[in-house]
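Worksheet for the structure shown next.
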Amino acid sequence: MKRILLSNKNCINLLLGLIVLLFVACTSNEKQRLQQIENVLEESPDTAWAMLSQDGNRLSKYSKSDRMKYLLLRTKAMNKLFYAMDTINYMNDVLEYYAFYGNTGEKTWANYLMGCVYRDKGNSPKALLYYNEAVAKIDTTKSDCNFSLLSKVYGQMADIYRLQRYPQLESKILDKKALVALMANDTLGYVRAQERKISVFYQLGKMDSVYQIATLAYRYYKKIGKDDYAAATLIPLTEIYLKRKDYVKAKRTLDEYLAKSKLLDKKGEPLYPGTEYFYNYLGWYYIDVGQLDSALYCYRKLLNYPSDIENLEAGYKGLMSIYSHKGMVDSVVKYVRLYADANDTVNFRLSAKEVGKVQALFDYSESQKEAARKAEEAKNVWKALFISLLMIVILLLVIRKMKARNQKIQTQYDHTKKELVSTKKESKLKDSKIVNLNGILSIYKTNANEEKWKKENIFMESKIILAFQAYANTGKQPTVSEWKDLQKLVEASLPAFWQKLSSFEDILDDEFRICLLTRLSFMPSQIANLLGTSKQSITNKRKKLVQMLFKSDNIKKFDALIKEME
């Protein structure tokens, strides 16, 4: 009987051992598989994605740590392959997990990829918040610093500022990206960061700098045998050559870009989002050399990518020019309207102020975190001092056996504790009042702004202003009577503005009308149509007005200064 029991016991132990070994083997296999995927992801993301797709059905069998690792790698692969990430809904879980259990690298990757998810969702402020969190977790003084990841984060931040047309912040971030490349002894990375500043100088109108950087980058890439990189830098030079009417060089750059940039396939189809804009420049070239049918093909091809509003804007503008050359008035009118709508949409989407606020918010949060860290250090010092003093008091009490003094100290302690509790209650009450007052203040501000916008919208929808907008888009000049009606409306609706503008005695009639139309948000080209003059004439008069009215040489501030005259 004893022998049978021992035999059964041995069988049970053996079975338990096999179960443990099987569990360890499965766990080990999963971790090895994830490690294999991570090893190939950077160089061969397609292979990594195929492996991840194969393992997706077994995800429920993974441990939590392996499941989080799988999801992190999956998001990495999607980002690497330019897959849309706007439908991802699990990154909050991944971020929370690695916030508690991850190392510095995993925390950084989780924040960076969360930023990429918000990037694809079109939420630039949220994306910036997580990109900044990722940067804050990277210590460039450590030997194992991931300079490559830091460079990626700065690159994404620069893209946001570029899309929001905020060149100052984009330039600042690209300088940081270039510095990271120098710290990592990455000459190619440094040149690529400098190359990206082309868009900064383009927005600032510094075309000499655009030409210089593009030329230097092209020569460097050619020198190291990166013909595709070199070809990809040619589009800015193409635009410069087209403006100079140097069509031989323009055609050379277009041909090289098409043949060697690896951004378009052999049929000319774009391989990556944004590269389809090449057809805007190719169409421009064909218009200028008189090949209108070829130009028509290019701009219609550009309109096949309507997800980017700038494609529509450029496409409509190109078609408007082509039909203008052909003398097809109906088509010109059609595309003038479409171009105006697309242009308005582009302007409406500019949220640079919001991005600036988010950056300021992060800077403030960082200063708050630093203050909290210092406060915690001071608190620890006081704790140590308090413990030391308490030990001395206890030692004296034991030695001298002074019960009375011990009781007195206890009484003082109780009194202090009560005061502390009372103080905390008062502090919480005040904090609650502050929160309520801030909420009320926010409501007041919101209501005030809403009322102001309602009045402005009603004013801008008035019949005479809508008539002027229609004239501006068709090139028709208003009658004398219509000018008087507009002036009466402005005088009645914007009395403060009218009074200030009328106080300038030396201002001429056309100059007065330019100020009036600027306050009503008409563009210089529209004002030129309404006054029956050239856009250059309007620009010259605006330059004169900004000096005469505001004592400034900065013509770019003219619109803002006019609208502040209330």
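The values are calculated or read from the model by the stated rules, or taken from the named source; none is laboratory data. No experiment lies behind these values; they were computed from the predicted model shown. Glycine gets a Cβ as well: all are built from the backbone with ideal geometry, and neighbour counts include every protein chain shown.
Consider ASP175 carefully, then state whether it is over 16 Å from the mean Cα position of the chain (by Cα), at pLDDT 90 or above and not in a helix (DSSP H, G or I). Don't jump to the end; show me each part of the working.
Details: over 16 Å from the mean Cα position of the chain (by Cα): yes; at pLDDT 90 or above: yes; not in a helix (DSSP H, G or I): no.
Judged against the criteria, ASP175 is not a match.
Name every residue in region 369-383 that is at pLDDT below 80 and among the hydrophobic types (A, V, I, L, M, F, W, C), in order of residue number.
Filtering region 369-383 down to residues at pLDDT below 80 leaves 369-381, 383.
If the condition is that a residue be at pLDDT below 80 and among the hydrophobic types (A, V, I, L, M, F, W, C), then ALA371, ALA372, ALA375, ALA378, VAL381 are the ones that fit.
Could you tell me whether any residue of region 301-310 is more than 23 Å from GLN164 (Cβ to Cβ), in a helix (DSSP H, G or I) and of a type in the set (D, E, K, R)? Spell out how you get there, then give the answer.
First pass over region 301-310, keeping only residues more than 23 Å from GLN164 (Cβ to Cβ): 301, 303-304.
Filter again for in a helix (DSSP H, G or I), leaving 301.
Cutting the leftovers down to of a type in the set (D, E, K, R) gives us 301.
Scanning region 301-310, I find at least one residue that is more than 23 Å from GLN164 (Cβ to Cβ), in a helix (DSSP H, G or I) and of a type in the set (D, E, K, R), so the answer is yes.
Has region 528-539 got any residue that is assigned by TED's automatic domain parsing to the domain that holds TRP483, at pLDDT below 90 and more than 23 Å from GLU482 (Cβ to Cβ)?
Within region 528-539, none of the residues are assigned by TED's automatic domain parsing to the domain that holds TRP483, at pLDDT below 90 and more than 23 Å from GLU482 (Cβ to Cβ).
Checking the conditions here, which among TYR98, TYR70 is assigned by TED's automatic domain parsing to the domain that holds VAL40, crowded, with 20+ Cβ neighbours inside 10 Å and under 18 Å from ILE37 (Cβ atoms)? I'd like the intermediate steps shown before the answer.
Working: TYR98 fails: assigned by TED's automatic domain parsing to the domain that holds VAL40.
When all the criteria are applied, what remains is TYR70.
Among the residues of region 197-216 satisfying the criterion of being within 22 Å of VAL153 (Cβ to Cβ) and modelled with pLDDT of 90 or more, which is surrounded by the most Cβ atoms within 10 Å (Cβ to Cβ)?
Only one residue tops the list, namely VAL200.
For every residue, the table says whether it meets (1) assigned to a helix (DSSP H, G or I); (2) buried (at least 20 other Cβ atoms within 10 Å of the Cβ); (3) at pLDDT 90 or above.
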{"residue": "PRO236", "(1), (2), (3)": "yes, yes, yes"}
{"residue": "TYR241", "(1), (2), (3)": "yes, yes, yes"}
{"residue": "ALA250", "(1), (2), (3)": "yes, yes, yes"}
{"residue": "THR253", "(1), (2), (3)": "yes, yes, yes"}
{"residue": "GLU256", "(1), (2), (3)": "yes, no, yes"}
{"residue": "GLY268", "(1), (2), (3)": "no, no, no"}
{"residue": "ASN280", "(1), (2), (3)": "yes, yes, yes"}
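Looking only at region 443-463, decide whether some residue is among the basic types (Lys, Arg), closer than 30 Å to LEU516 by Cα, modelled with pLDDT of 85 or more and not in a helix (DSSP H, G or I).
If we filter region 443-463 for residues that are among the basic types (Lys, Arg), which is where we start, we get 445, 452, 454-455, 463.
Subsequent filtering for residues that are closer than 30 Å to LEU516 by Cα retains 445, 452, 454-455, 463.
Retained after the next criterion (residues that are modelled with pLDDT of 85 or more): 463.
From what is left, the residues that are not in a helix (DSSP H, G or I) are none.
No, because not a single residue in region 443-463 is among the basic types (Lys, Arg), closer than 30 Å to LEU516 by Cα, modelled with pLDDT of 85 or more and not in a helix (DSSP H, G or I).
Output the residues belonging to region 483-522 that are closer than 20 Å to GLU564 by Cα, touching a residue at least 40 places away in the same chain (Cβ under 8 Å) and not in a helix (DSSP H, G or I).
Passing the criteria: LEU494, PHE504, ILE507, LEU520, SER521, PHE522.
Check whether at least one residue in region 141-157 is closer than 24 Å to TYR257 by Cβ and either at pLDDT 90 or above or in a helix (DSSP H, G or I) (or both), and report yes or no. Break it down stepwise before answering.
Residues of region 141-157 that are closer than 24 Å to TYR257 by Cβ, as a first pass: 155.
Going one step further and asking which of them are either at pLDDT 90 or above or in a helix (DSSP H, G or I) (or both), we end up with 155.
Yes, region 141-157 contains a residue that is closer than 24 Å to TYR257 by Cβ and either at pLDDT 90 or above or in a helix (DSSP H, G or I) (or both).
Test of understanding: among LYS152, LYS176, LYS197, LYS206, which residue is among the basic types (Lys, Arg) and closer than 22 Å to ASN103 by Cβ?
Numbers: LYS176 fails: closer than 22 Å to ASN103 by Cβ; LYS197 fails: closer than 22 Å to ASN103 by Cβ; LYS206 fails: closer than 22 Å to ASN103 by Cβ.
Every option except LYS152 fails the conditions.
Here is a list of conditions, (1) of a type outside the set (A, V, I, L, M, F, W, C); (2) over 59 Å from the mean Cα position of the chain (by Cα); (3) modelled with pLDDT of 80 or more, and SER388 meets all of them except one; can you say which number that is?
Of (1) of a type outside the set (A, V, I, L, M, F, W, C); (2) over 59 Å from the mean Cα position of the chain (by Cα); (3) modelled with pLDDT of 80 or more, only one is false for SER388: (2).
So which residues in region 523-551 are exposed (fewer than 14 other Cβ atoms within 10 Å of the Cβ) and not in a helix (DSSP H, G or I), if there are any at all?
Within region 523-551, GLY532, SER534, LYS551 meet the criteria.
Filter region 87-127 down to the residues that are in contact with a helix residue (DSSP H, G or I) (Cβ under 6 Å, 6 or more places away or on another chain), closer than 16 Å to ASP66 by Cα and outside any loop (DSSP other than H, G, I, E, B) and list them by number. Give the steps one after another, and end with the answer.
Here is the first cut: in region 87-127, the ones in contact with a helix residue (DSSP H, G or I) (Cβ under 6 Å, 6 or more places away or on another chain) are 88, 90-91, 94-95, 97-98, 106-108, 110-119, 124-127.
Now drop any that are not closer than 16 Å to ASP66 by Cα, which leaves 90-91, 94-95, 97-98, 106-107, 110.
Once the filter is applied, which keeps residues that are in contact with a helix residue (DSSP H, G or I) (Cβ under 6 Å, 6 or more places away or on another chain), closer than 16 Å to ASP66 by Cα and outside any loop (DSSP other than H, G, I, E, B), region 87-127 yields MET91, VAL94, LEU95, TYR97, TYR98, GLU106, LYS107, ALA110.
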